[in-house]
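As structure tokens, the structure follows; a few thoughts come after it.
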Amino acid sequence: MTLSGTNLYLRALEPEDLDFIYQIENDENVWEVSNTQTPYSKFLIRQYLENAHKDIYEAKQLRLAICIKKSRTPIGLIDLFDFDPKNNRAGIGIVIQKETDRRKGYGNEALAIVINYSFKQLQLHQLFANIAVDNVSSLNLFATFGFGKIGIKKDWNFTNNSYHDEVLFQLINPNIIS
């Protein structure tokens, strides 16, 4: 199975994910990494879920639930966004909902699954990630997979009444010749 690993599997969003997504989207601790400034209503999330069946070529994004195999419990989300089929690239972002589920290798496994899917199934040439300079865990996670730092966006995000830099990471598919 393409979207499956040792401990996790990734799946399309379902209507039953409404409360789970509502909790993540309204967690102010996540707003900084998702560029969110206001809460989302269940009504808006329900509308989003009604359109979640669209494929990446139509929606230009793909959001998958990260689930633990044994319990089938969703613990986070991983996204491909700003999908650009002409240039064969997409952005990638990940969030593990609960602090207690972090630093257990779940982010590592989910990222490995999506990189494999992106390069083998979607045949993307490159993936990119935007990460705040102080998000050391994410910086390390993406560096582990060979994402290279290609630039710093100075004063890119305004949070906590000050501007913060953001790192732009890039991973080129080694199996596609430029």
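Please list 40-49, 2-11 highest first by mean number of surrounding beta-carbon atoms within 10 Å per residue.
Numbers: 40-49: 13.5, 2-11: 16.5.
Highest mean packing first, the order is 2-11, 40-49.
With label points built 7 Å along Cα→Cβ from the Cα atoms of Lys120 and Glu14, find their separation and express it in nm.
About 2.5 nm separates the two model spin labels.
Just to confirm, what accessible area per residue do you get for the chain at 1.4 Å probe, in whole Å²?
Values: 10490 Å² over 178 residues.
That works out to 59 Å² for each residue.
Placing +1 on the Cβ of each Lys and Arg and -1 on the Cβ of each Asp and Glu in segment 52-122, which of Pro85, Ile68, Tyr117 has its Cα farthest towards the positive end of the resulting dipole?
Ile68
Starting from the Cα gyration tensor of segment 82-178, take the square roots of the eigenvalues, sort them a ≥ b ≥ c, and report rounded, prolate or oblate (rounded when a/c is under 1.5, otherwise prolate if a/b is larger than b/c, else oblate).
Details: a/c = 2.15, a/b = 1.30, b/c = 1.66.
Oblate is the answer for segment 82-178, as a/c is 1.5 or above yet b/c matches or exceeds a/b.
Leaving out ligands, DNA and RNA, and with a 1.4 Å probe, what % of the accessible surface on the chain is carbon or sulfur?
After summing per-atom areas, the C and S share lands at 49 percent.
The values are calculated or read from the model by the stated rules, or taken from the named source; none is laboratory data. Quantities reported herein were computed from a predicted structural model and do not represent experimental measurements. Ideal geometry is used to build each Cβ from the backbone, glycine not excepted, and the neighbour counts take in all protein chains shown. Note: accessible area is taken over every heavy atom of the protein model, side chains too, but ligands, DNA and RNA are not part of it. Shrake-Rupley method; radii C 1.70, N 1.55, O 1.52, S 1.80 Å.
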